[in-house]
């Protein structure tokens, strides 16, 4: 393996400007992980206009920093307030908050930070080794393979995410439909433009992402009742003792592996992996009853795993051009805005972007480790900022930011329209994530499907006879039919749950 | 809020009937525990709405599918050897129609919709300020609409005190002015 591009990647990261963007990214990520309300997806969406002005490497380094930085920040609220900042920190609450009640909040946070660092670093190493191999394998993919992969990606994310799967797939199809608005690249015909010049250019990714992820979340949170006043637990010594570290060692190692493997799978990698890591530790433990009462492993395992998963979820994006989750869809969009097509060619055509971003994660994780241990006190103070103050500031950043992209008020209205759409979708149980993801992949899927039809001379059976696209379509079928299969296999489970509720 | 409940070890749950696969039982209990915590966090949300809202959501999705199908049929489907501009959107619309029809039939007892409550009026009010900002921005610049938006959100939507609403909104807009206009020199329409 030729390591000179990797080393050059370090050169890219160590440029002062990129170091600064990495630092800014992880700081923002940690802040929004701590602050209630906005998640990393919403934040990245809102900050997309900024990436217009800066180079691709710096932009993606910053956005990636926000993403994995938020995983660190989310831990703090889980431990101190019993409020998981993210779905992937839910299980951390059990033992993290128990430790906080025993006055060992610092230990929990310290272990989480160290575990996150190790998990993240192991995962970057894995990414460095695996990604070029996968990309090399995928380099020969033709349009049929891409069409198949795109459809598989959309389907997986819709069906693995939380919420009703039927609704998620409907939302994804609506996203595919919205992606067709504008001029058809093959025939030049205008589709669904209703005579509007603005719509003829198609709908831009930025207003969709800002509206569906950013604004809709703010509008949705306005309805939340903020009557619970929490006072965060006191944070004592943050350095975990040698005994704690010894106890957590195995959990951190296993968590790293689980996180890395599950993170590569599209869908809720970070969430799934934190649950799986916690469950594994509890099973392995000699005294499982310690879990939930402040077991150090109960914090170390999920926090390590979710960070490892956050990092390895970059692999499908950077090697196949298929985003593994909603946040990766945003980074996909940000790369497209910069004129860079994520996919197997990325590592050879834009080695600076590929290795710059990958290597920036080492630096980012080091920065996070350095910051999170001594600066916990500062972040605890930030917890006191009321959501009521954050909301209008974020709204203004969103609306004015949308305007600055093309200096058009039309874009602000577009953000508002998609903000309302996202709000209504959430009210009616539809996740906006699959819609945005499908929108991002929509034109790719359509054009590769149509190119494939031309290659096959109009015979759709060609998708199934090519070995790789055929395999992927078999997977598509499996995923689509999985709920039916699952219902058949797990018929026993619902009965047990009912019994549990009644007892 | 009862502190003892979600922090109780999952193992102390009243266990169901003995399962032949302990690993799955473990994972299920854990999932149940996580779900319970999630549910508790969602207590701050309005209660879920009834079958009528499920039905209307599914019908709206169905309508989107039908409109998409009609619109793309009008664009011309072409044939598989020579796909027209409408073929792909038509295919997607058909999928939407089929899935929404399934949702109409099977989704009535789902519990994932939320009732519109009095606090939904807050969202509506917030929306009005957004539209006002977008409409006024090209006419009188960003300063006054931003100030109004900040103030309305702080004072009435966020129930902050008069004093902090005034101070924070003026401070925030001033900071925006410095950041966007003076430092980044973005050509925002402005009064001053």
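Figures for the structure shown
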item: Top-ranked residue in region B:40-78 [being at pLDDT 80 or above and at the interface with chain A (Cβ under 7 Å from one of its Cβ atoms); ranked as nearest to the chain's Cα centre (by Cα)]; result: B:57
item: Failed item, numbered, when residue A:98 is tested on (1) surrounded by 24 or more Cβ atoms within 10 Å (Cβ to Cβ); (2) under 22 Å from residue A:216 (Cβ atoms); result: (2)
item: Test: residue in region B:124-138 that is outside the structural domain of residue B:59 (by TED's automatic domain parsing), under 16 Å from residue A:395 (Cβ atoms), touching a residue at least 40 places away in the same chain (Cβ under 8 Å) and surrounded by fewer than 21 Cβ atoms within 10 Å (Cβ to Cβ); result: no
item: Single unsatisfied condition, residue A:193 versus (1) in contact with a helix residue (DSSP H, G or I) (Cβ under 8 Å, 6 or more places away or on another chain); (2) closer than 19 Å to residue A:333 by Cβ; result: (2)
item: Options A:124, A:151: the member that is under 23 Å from residue A:255 (Cα atoms), in a helix (DSSP H, G or I) and either in contact (Cβ under 8 Å) with a residue 60 or more places away in the chain or under 20 Å from the mean Cα position of the chain (by Cα) (or both); result: A:124
item: Failed condition for residue B:76, given (1) in contact (Cβ under 8 Å) with a residue 12 or more places away in the chain; (2) surrounded by fewer than 21 Cβ atoms within 10 Å (Cβ to Cβ); (3) assigned by TED's automatic domain parsing to the domain that holds residue B:54; (4) over 22 Å from residue A:216 (Cα atoms); result: (1)
item: So residue A:49, is it part of a loop (DSSP other than H, G, I, E, B) and in contact with a helix residue (DSSP H, G or I) (Cβ under 9 Å, 6 or more places away or on another chain); result: no
item: Wholly within region A:253-366, helices (runs of 4 or more DSSP H) carrying at least 1 residues that are farther than 24 Å from residue A:139 by Cβ, within 14 Å of chain B (Cβ to nearest Cβ) and free of Cβ contacts under 8 Å to residues at least 12 places away in the same chain; result: A:269-284
item: In region A:402-421, the residues that are within 9 Å of chain B (Cβ to nearest Cβ) and within 19 Å of residue B:185 (Cβ to Cβ); result: A:403, A:404, A:407
item: Residues of region A:179-195 classified as more than 10 Å from chain B (Cβ to nearest Cβ) and touching a residue at least 12 places away in the same chain (Cβ under 8 Å), total; result: 2
item: Condition check for residue A:425: farther than 18 Å from residue A:178 by Cβ and either more than 8 Å from chain B (Cβ to nearest Cβ) or buried (at least 17 other Cβ atoms within 10 Å of the Cβ) (or both); result: no
item: Sole residue being more than 23 Å from residue A:223 (Cβ to Cβ) and within 29 Å of the chain's Cα centre (by Cα), chosen from B:127, B:147, B:184; result: B:147
item: Long-range neighbours under 8 Å by Cβ, at least six apart or interchain, first residue more than 9 Å from chain A (Cβ to nearest Cβ) and farther than 18 Å from residue A:298 by Cα within region B:22-39, second at pLDDT 70 or above and surrounded by 13 or more Cβ atoms within 10 Å (Cβ to Cβ); result: none
item: Residues satisfying the stated conditions in region B:139-171, i.e. touching a residue at least 24 places away in the same chain (Cβ under 8 Å), over 21 Å from residue A:407 (Cα atoms) and touching a helix residue (DSSP H, G or I) at 6+ places or on another chain (Cβ under 6 Å); result: B:152, B:153, B:157
item: Enumeration of residues in region A:127-172 that are within 11 Å of another protein chain (Cβ to nearest Cβ) and under 25 Å from residue A:355 (Cα atoms); result: none
item: Any hit, region A:428-437, residues being surrounded by fewer than 23 Cβ atoms within 10 Å (Cβ to Cβ), assigned to a helix (DSSP H, G or I) and either without any contact (Cβ under 8 Å) to a residue 24 or more places away in the chain or within 7 Å of another protein chain (Cβ to nearest Cβ) (or both); result: no
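The values are calculated or read from the model by the stated rules, or taken from the named source; none is laboratory data. The shown structure was predicted, so the numbers you read here are calculated from the model rather than taken from an experiment. With ideal geometry, Cβ positions are generated from the backbone for all residues, glycine too; neighbour counts draw on all protein chains shown.
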